[in-house]
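Shown next, in structure tokens, is the structure this report addresses.
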Amino acid sequence: MRTIEWRNGTVITIDQTRLPHETITLKIKTIEEMAEAIKNLRIRGAPLLGAATAFALALTAYHSKANSKGKLLAELENSAKTLKSTRPTAVNLFWAADRVLSKARCSSGDAEELKSLIVQEAQKIADEDAEANLAIGKNGAELIEDVYVILTHCNAGELATVEYGTALGVIRAAWKQGKKIKVIATETRPLLQGARLTAYELKRDGIPVTLITDSMVGYVLHKRLANKVVVGADRIVRDAVINKIGTFTVAVLSHEHGVPFYVAAPKSTFDLTRKAVDVIIEERDPSEVTHMGSQQIAPGGVGVLNPAFDITPLKYVSAIICESVIYYKEDFVRFTRHE
Ligand code: MRU
């Protein structure tokens, strides 16, 4: 099964907050349920947020009683507004909402035709993501040699996408080619996407994985325990890559130790109309830092900073692997020209 699927007016996915211990299937039927699932990271990871947003708009269309195109468009715009208010940083969510809305606005059919058009467009977005990840994997695997150790941060695996993964797609493709690679996964505080999700996916697939805490990255790179770093992205802007908090630290440490730092992401993650300064970095609830699950670990009332993402300037990025091409350092200048 794909990470997300459309089944006759219901979106089927897994509650990622319960992994790795429990596999709970979510059956989402309304925009409110989807918005709740996104806010609480039951559904997370930039490309998956894109597909989830598209399918959420398909839910609006499929269940709508609107009998005119105008009424349906108004409902879709309302749903898009709700979805866009869930999480601000991953551009795929906004990209998918705008793509579906513009398809709807351009359609010349009646309300019934528009409903099926929206469902088809959402399915197309999901299918394209699955295809893009396979292509990213194939492109990126060329950069990975036999017996390499790859360090990754957060979860850019199949759970963060419709299928296969971006950073983990590169790792999967190299593994499939018979390269005896190993992975070092950071736990990724505070919500532990690395410990819970990346370790789970790789272990399940039989790819050797060693878990470290985020603060061990410097030690690992200094000791030459990893040959390359591959991570995903939530938004690639003209001057930076925005990804899970801690990515910037990993990039600077990679630069310091001469270890190539690669970003694997589909074109839907590019936002070349903006610079990092224009992007809202999501601030999440302090309890994610003061608590481990339900257990409080910090003294009550302590001040907390909890940005969910950070900004890695392109000077620390060795290459960006996407579905159509690998951009190397010398290509990044093209980003300022929106190419
Ligand atoms: O807060 P999350 O879990 O949604 O953050 C996910 C990440 O930062 C991933 O690295 C990114 O979305 C790329 S996923 C292919």
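A compact table of results
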{"quantity": "Whole-number D in µm²/s for the chain (Stokes-Einstein; Kirkwood sum over Cα pairs; 4 °C, 1.567 mPa s)", "calculated": "64 µm²/s"}
{"quantity": "Ranked by how many other beta carbons lie within 10 Å on average, peptides 61-74, 223-236 from highest", "calculated": "223-236, 61-74"}
{"quantity": "Above-threshold pairs, the threshold being 18 Å between Cα atoms, out of LYS65/LYS115; LYS223/LYS244; LYS203/LYS244", "calculated": "LYS223/LYS244; LYS203/LYS244"}
{"quantity": "GNM result for the chain, Cα springs below 10 Å: residue of GLY300, GLY157, GLY246 fluctuating most strongly", "calculated": "GLY300"}
{"quantity": "Cα-based shape type of segment 194-254, given that a ≥ b ≥ c are square roots of the gyration tensor eigenvalues and the cut on a/c is 1.5", "calculated": "oblate"}
{"quantity": "About the Cα centre, charge dipole magnitude for segment 191-325 (Lys/Arg +1, Asp/Glu -1 at Cβ), debye", "calculated": "420 debye"}
{"quantity": "Apportionment of accessible area to carbon and sulfur, segment 30-167, percent (1.4 Å)", "calculated": "51 percent"}
{"quantity": "Inter-site label distance for LYS81 and ASN8 at 7 Å from Cα along Cβ, in nm", "calculated": "3.4 nm"}
{"quantity": "Where the chain is the region considered: accessible area per residue in Å², 1.4 Å probe", "calculated": "43 Å²"}
{"quantity": "Rg/Rh (Cα only; Kirkwood hydrodynamic radius) as it applies to segment 192-301", "calculated": "1.00"}
{"quantity": "Binned Cα-Cα distance frequencies in segment 1-66 - 10 Å width, integer %", "calculated": "22, 58, 18, 2, 0"}
{"quantity": "Charge dipole magnitude, Cβ of K and R +1, D and E -1 - the chain, Cα centre, debye nearest 20", "calculated": "220 debye"}
{"quantity": "Accessible surface of segment 256-319 [probe 1.4 Å, protein heavy atoms]: carbon and sulfur percent", "calculated": "54 percent"}
{"quantity": "Radius of gyration, Dmax [segment 81-134; alpha carbons; angstrom]", "calculated": "12.5, 36"}
{"quantity": "Segment 1-73, dipole about Cα centre (Lys/Arg Cβ +1, Asp/Glu Cβ -1), debye to the nearest 20", "calculated": "260 debye"}
{"quantity": "Karplus-derived HN-Hα couplings along segment 104-113 (A = 6.51, B = -1.76, C = 1.60, θ = phi - 60°), whole Hz, x at Gly and Pro", "calculated": "5, 5, 7, 6, 9, x, 7, 4, 5, 5"}
{"quantity": "Ratio of Rg to Rh over segment 150-205 (Cα coordinates, Kirkwood Rh, two decimals)", "calculated": "0.95"}
{"quantity": "Positive dipole terminus of segment 124-275, leading residue within HIS153, VAL220, GLY246 (C-beta point charges)", "calculated": "VAL220"}
{"quantity": "Rounded to 5, percent antiparallel among DSSP beta bridges of segment 179-298", "calculated": "35 percent"}
{"quantity": "Percent of beta bridges antiparallel (DSSP, the chain, rounded to nearest 5)", "calculated": "55 percent"}
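The values are calculated or read from the model by the stated rules, or taken from the named source; none is laboratory data. Note that this is a predicted model, so its numbers are computed, not measured. In this analysis, Cβ positions are derived from the backbone assuming ideal geometry, glycine residues included, and neighbour counts consider all displayed protein chains. Heavy atoms of the whole protein, side chains included, go into the accessibility calculation; ligands, DNA and RNA do not. Shrake-Rupley method; radii C 1.70, N 1.55, O 1.52, S 1.80 Å.
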